1. In nm, what is the difference between 0.36 nm times the number of residues separating R88 and L64 and their Cα-Cα distance?
2. Can you tell me which lysines have their Cα less than 24 Å from the Cα of K31? Leave out same-chain residues fewer than eight positions away.
3. For the peptides 39-45, 94-100, what is the packing order when you average, over each peptide's residues, the other Cβ atoms within 10 Å and list the highest mean first?
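Laboratory data are not the source of any read-out in this text; all were calculated from the coordinates shown. Values in this document were obtained by computation on a predicted structure and should not be read as measured data. Glycine gets a Cβ as well: all are built from the backbone with ideal geometry, and neighbour counts include every protein chain shown.
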Amino acid sequence: MTTSINQDDINKALWSACDTFRGTISADTYKDFVLTMLFLKYISDVWQDHYDGYQAQYGDAPELIEEMLKNERFVLPKQASFYSLFERRFEPGNGERIDQARRCCRNQTASHDFPSPR
């Protein structure tokens, strides 16, 4: 039997995670850290969904999938992924890795030609 998760459960889990940091760091640092991590988590999930879609379409062809991903709206380098950061969470230098991931994402996005909004 599977248990369904409702929005209220998700909200409680998120608030609990946020409460972990409240009071231990300044409000500005907290805001920057939480928003950055939420953004990285979101784009990492989108990127993984696209990877999984290409994998379902093309099978076990990592080189082809990597080439296909280069044509996406944004490029997420592996070292900038939330999951890459999460794997190294117990190592010193988390703040620097997060800053590098943020810069990497900004540079990758800036290098794409996006159509102008109408």
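1. Stretched out fully, the R88 to L64 stretch lengthens by 5.9 nm.
2. Cα-Cα hits under 24 Å: K12, K41.
3. 39-45, 94-100
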